[in-house]
Amino acid sequence: MSNIPSPAELEILKILWEYEPATVRFIHEKLSETKEVGYTTTLKQMQRMTEKSMIARVSEGKVHEYRALVREHQVKKNLFGQLVDSVFKGSTMDLVIHALGNSRPSREEISELEKWLEEQKKGGKS
């Protein structure tokens, strides 16, 4: 998927990635936990996402459930790429330095980062 989901689409996808398959009602209830949204708005958004081949409707008798057709990993990769390109002028290092400079990493996170850097120096996995 080369398209980047809108914020509203991403909220629906996150619910599906965690709970799929799920009905419109279930997704609407989950969305309503954090913001006001109408049922028909949720339904219409999911219909558009189906047209875009982001999700698929699977019918079980009278029940219509939905599954994500786009994978979480790919969406994150696309969103990350867009962020790096648009905000950090293509520099992943600038993003990392910015992220680390704006928060206080825990000792565990620093240790993880050190291990990752050592693997990179050895030519290991990325």
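Points worth noting:
- Its alpha carbons considered, the chain gives a radius of gyration followed by a Dmax of 18.8, 56 Å.
- The long axis of helix 107-121 is offset from the longest Cα principal axis of the chain by roughly 70 degrees.
- Cα-Cα pairs of region 1-71 separated by more than 21 Å (percent): 15 percent
- Only Cα sites of region 62-126 enter the Debye sum here, all with the same form factor; the resulting log10 I(q)/I(0) across q = 0.19, 0.24 1/Å is -0.96, -1.15, listed in q order.
- Solvent exposure of the chain, expressed per residue, is 73 Å² of accessible area, with all protein chains present and a 1.4 angstrom probe.
- Computed P(r) (all Cα pairs; region 31-92; 10 Å bins; percent): 19, 31, 33, 15, 3, 0
- Set 14/35; 14/52; 30/76; 77/115; 30/62; 35/77 screened for pairs whose C-alpha atoms are more than 24 Å apart: 35/77
- Using distinct alpha-carbon pairs, which all enter the 1/r mean, Kirkwood radius of region 1-41 in Å: 10.8 Å
- Distance (nanometres) between label positions extended 7 Å along Cα→Cβ at residue 114 and residue 32: 5.0 nm
- Relative contact order computed over the chain (Cα-Cα under 8 Å; 6+ residues apart), in percent: 22 percent
- About its Cα centre, the dipole of the chain is roughly 280 debye, where the only charges are +1 on Lys and Arg Cβ and -1 on Asp and Glu Cβ.
The values are calculated or read from the model by the stated rules, or taken from the named source; none is laboratory data. Predicted model, so just to flag it, every value in this text is computed and none were measured. Because the Cβ atoms are built from the backbone with ideal geometry, glycine has one as well, and the counts that use them run over all protein chains shown. Just the protein is used for accessible areas: all its heavy atoms, side chains included, with ligands, DNA and RNA removed. Shrake-Rupley method; radii C 1.70, N 1.55, O 1.52, S 1.80 Å.
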